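Here is the structure we will look at.
The values are calculated or read from the model by the stated rules, or taken from the named source; none is laboratory data. Remember, predicted model here, so these are calculated numbers, not experimental data. Positions of Cβ are backbone-derived with ideal geometry, glycine not excepted, and every protein chain shown enters the neighbour counts. These accessible areas exclude ligands, DNA and RNA; they are computed on the full protein's heavy atoms, side chains included. Shrake-Rupley method; radii C 1.70, N 1.55, O 1.52, S 1.80 Å.
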Amino acid sequence: MNKDRKKGKLRIFLGMTIGVGKTSKMLDIGKKIKSHSDIIIGFMREERINYYKEKTLIFEKIKEKKIQVGDLTFSEIDIEKILNRNPKIVIIDEIAHTNSINSKHIKRYQDILEILNNGIDVWTTLNIENIDSQALVVESITGKKVEETIPDFVIEMADKIEIVDIDPSDI
């Protein structure tokens with residue numbers, strides 16, 4: 001752990017489902033503070049970077065780590081590059097993601113915990129269904145199995161939770 005810094009702060013942009021605007025709001029707030037805070041993108045899938053191109057252009061982006069598993073190549077967070085860069089705030093989309101087989105950690109939230117433990121603030125996105133204690137409730141309502149979840153303690157340790165939602169008829 002970086003002895004010169006306290007533990008980083010976790011800010012979660014939480015919404016009911018995919019498509020409610022969590023990533024967009026996270027980037028908008030990041031853009032507002034960019035001029036006076038060292039904020040970068042530590043991980044966002046390439047297709048999301050392209051989708052949010054206008055919003056992501058102003059941010060420095062850490063190149064993802066490529067992990068080879070057989071004939072497949074996966075993109076994951078490069079924790080070491082983020083720690084070496086040592087920004088004040090790092091944006092890491094989709095905290096509930098399950099990493100590829102040869103990654104340092106099994107789950108992205110574990111990558112985020114390591115970054116927080118090194119004194120870097122992390123902003124991330126999460127859907128309600130991806131919280132362990134809510135997954136079965138969501139499954140019972142939607143009939144859809146929730147594949148990726150994070151432990152409730154991650155939510156409980158968040159320093160700030162931004163609720164992002166839209167009217168269900170707009171989804």
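With respect to the conditions (1) in contact with a Leu (Cβ under 9 Å, 6 or more places away or on another chain); (2) in a loop (DSSP other than H, G, I, E, B); (3) within 22 Å of Ile49 (Cα to Cα), Leu126 falls short on a single one, namely (2). If you go through segment 11-38 and keep only what is of a type outside the set (Ser, Thr, Tyr), open to solvent by less than 30 Å² (accessible area, probe 1.4 Å) and within 14 Å of the chain's Cα centre (by Cα), you end up with Ile12, Phe13, Leu14, Gly15, Gly21, Lys22, Met26, Leu27, Gly30.
So is Lys144 at negative phi, at pLDDT below 95, among the basic types (Lys, Arg) and surrounded by fewer than 16 Cβ atoms within 10 Å (Cβ to Cβ) or not? For Lys144, the condition - at negative phi, at pLDDT below 95, among the basic types (Lys, Arg) and surrounded by fewer than 16 Cβ atoms within 10 Å (Cβ to Cβ) - is met.
Here Val154 meets the list (1) out of contact with any Gly (no Cβ under 9 Å at 6 or more places or on another chain); (2) outside any helix (DSSP H, G or I); (3) buried (at least 19 other Cβ atoms within 10 Å of the Cβ) almost entirely, failing just condition (2). Just so you know, in segment 102-116 the residues that are within 13 Å of Val154 (Cβ to Cβ) and out of contact with any helix residue (DSSP H, G or I) (no Cβ under 7 Å at 6 or more places or on another chain) include one that is surrounded by the fewest Cβ atoms within 10 Å (Cβ to Cβ), and it is Gln110. Residue count for segment 81-90, restricted to those that are within 13 Å of Leu116 (Cα to Cα) and either out of contact with any helix residue (DSSP H, G or I) (no Cβ under 8 Å at 6 or more places or on another chain) or acidic (Asp, Glu) (or both): 3.
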